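K.L.:
Quick one: this structure, given as structure tokens, is what I'll be asking you about.
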Amino acid sequence: MTGDPPAAPPPAPKPAPAAEPKVATTEDLRGLRRWLIVAGVWAVAATAIAVIALVKANDAGNDEQAARSATQLSKEQRQLTERLDDLENQVQDLAPTEDVTKLDNRLKKTEETVSKTSDRLDALSKDVDDLQSRVDDLEQQAESGTDTTGTDTTQTTP
């Protein structure tokens, strides 16, 4: 180790000769073709099963939804029927048209009577006002001692 040059690494092993590509035989191609056909058949079968399951699930969902809709529709129909029955009962409880007409005629007559009475009351009120003013005039004359009738009602002493 004193002055010798370093030792060279051992030479790399030579790669093994590449295997020659194997040529597919007719039998190999037939086997591959069979396996591709089998895989294709399995893929088509799986797709068909998935489609059938999807359609059935959709139909079941539609049936469920249809059943829920039918139930809800039936419930709403019962509620509407009850409301209509209530309204019919209320209408039947109302007074007949003849009674309403009679009441209307009576109301008109009462209004006419009230109007005539009001007119009479106004006339009486004017008469009372006239009488009150005449009484006031007479009281003033009595206090002042004047006679508006033209006759002397006061006696004079001789």
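The values are calculated or read from the model by the stated rules, or taken from the named source; none is laboratory data. Source: prediction; values computed, not measured. Cβ: placed from backbone, ideal geometry, glycine included. Neighbour counts: every protein chain shown. Ligands, DNA and RNA are excluded from the accessible area calculation, which covers all protein heavy atoms including side chains. Shrake-Rupley method; radii C 1.70, N 1.55, O 1.52, S 1.80 Å.
K.L.:
Would you confirm, using the coordinates I've provided, whether K126 is part of a helix (DSSP H, G or I), modelled with pLDDT of 90 or more and open to solvent by 100 Å² or more (accessible area, probe 1.4 Å)?
P.N.:
Taking the combined requirement at face value, the residue satisfies it.
K.L.:
Okay, moving on. Tell me, yes or no, whether the range 58-70 has at least one residue that is among the basic types (K, R) and either under 23 Å from the mean Cα position of the chain (by Cα) or open to solvent by less than 90 Å² (accessible area, probe 1.4 Å) (or both).
P.N.:
Checked against the condition, which is being among the basic types (K, R) and either under 23 Å from the mean Cα position of the chain (by Cα) or open to solvent by less than 90 Å² (accessible area, probe 1.4 Å) (or both), the range 58-70 yields at least one hit.
K.L.:
Considering the range 90-103 alone, what residues qualify as being surrounded by fewer than 10 Cβ atoms within 10 Å (Cβ to Cβ) and part of a helix (DSSP H, G or I)?
P.N.:
Of everything in the range 90-103, those that are surrounded by fewer than 10 Cβ atoms within 10 Å (Cβ to Cβ) and part of a helix (DSSP H, G or I) turn out to be Q90, V91, Q92, D93, T97, E98.
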